[in-house]
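Q: Provided herewith is a single structure, encoded as structure tokens, for subsequent inquiry.
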Amino acid sequence: MKDYYQENHLKYHDQTFSIDPSSFLSPLARCLRPGSTILDVGCGSGRDMRWFGERGFQSTGLERSEGLCALARKHSGCPVTEGDFETHDFSGMQMDALLLVGALVHVPHDRFSKAFSNILRALKPGGHVLITIKEGPKTSEVEGSRIVYLWQDDDLRETFASLRLDVTDFSRQVSKIRGTDIWLGYVLKHRC
């Protein structure tokens, strides 16, 4: 998993960039005013930042893979920082919203709250978060030896509540890449 996204950044781009993200991004967009700032954590090759930019939002990205960072800058025209969200210092940011589309799927359950809490330091009080997580009863292994940690809705809601996040929108969608994968999508509002 360590180097998968760097070694396969072009393949990952080809698999994901052409997907229309409207069905899972629109719920967050409806919560925000034009010009709102969004931090896209694990921004990949920039598809979602581009989508938000076309709708008048100001996005910034964070991505661990150098290759994906370069693609994200090229495709979105937005600033992108190369970094790991588990160790990055988010405390100097004040974003209106956070975007975590599939970003935390490789984080083990026992590190999830800590990693998510670190990212939340970038959010303004009362800000919104969009997070998507794969649904399932256990851990599964995917190509390239990437381990994906699956979640149940009840467990996620309990975790969100412990982080002072209220669910304002929920969706359950079949993956646009693999019909056997189910994505749980949540728009969350941070309690002041």
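The values are calculated or read from the model by the stated rules, or taken from the named source; none is laboratory data. Please read all numbers here as calculations on a predicted model, not as lab measurements. So basically every Cβ, Gly included, is an ideal-geometry build from the backbone, and we count neighbours across all protein chains shown. Accessible surface areas use protein heavy atoms only, side chains included; no ligands, DNA or RNA. Shrake-Rupley method; radii C 1.70, N 1.55, O 1.52, S 1.80 Å.
Q: Eigenvalues of the Cα gyration tensor times 5, then square-rooted: what semi-axes does that give for the stretch 68-125, in whole angstrom, largest first?
A: Value: 21, 15, 10 Å, ordered largest first.
Q: Enter the accessible area per residue of the chain (Å², integer; probe 1.4 Å; all protein chains in place).
A: 48
Q: Using DSSP to define loop residues, name the trypsin sites (Lys or Arg not before Pro) in the stretch 70-169 whose beta-carbon has at most 10 other beta-carbon atoms within 10 Å.
A: For trypsin sites (Lys or Arg not before Pro) across the stretch 70-169 that sit outside H, G, I, E and B with at most 10 neighbouring Cβ atoms in 10 Å, the list reads K138.
Q: Can I ask one more? Around T81, under 12 Å between beta carbons, what's the net of Lys plus Arg minus Asp minus Glu among the other residues?
A: -4
Q: Run the accessible area of the stretch 115-163 with a 1.4 Å probe and give the carbon-and-sulfur part as a rounded percent.
A: 47
Q: Follow-up question, since we're still on this one. Just tell me which lysines come within less than 22 Å, Cα to Cα, of K11; anything on the same chain fewer than 8 places away is out.
A: Cross-link targets: K2, K74, K134, K176.
Q: Jot down the per residue volume, in cubic angstrom and as a whole number, of the convex hull over the alpha-carbon atoms of the chain.
A: Dividing the Cα hull volume of the chain by its residue count gives 108 Å³.
Q: Right, here's the next one. Return a whole-number percent for the relative contact order of the chain, with Cα pairs under 8 Å and 6 or more residues apart as the contact set.
A: Relative CO of the chain lands at 19 percent.
Q: Karplus couplings for the stretch 177-192 from phi (6.51 cos²θ - 1.76 cosθ + 1.60, θ = phi - 60°), rounded to Hz, Gly and Pro as x?
A: With coefficients 6.51, -1.76 and 1.60, one gets 9, 10, x, 8, 9, 10, 9, 9, x, 10, 9, 10, 10, 7, 6, 5 Hz.
Q: Now for a separate question. Scan the chain and hand back the longest stretch that contains none of the GluC sites (Glu not before Pro) lying in DSSP loops with at most 14 other Cβ atoms within 10 Å.
A: Result, exposed sites excluded: 87-192.
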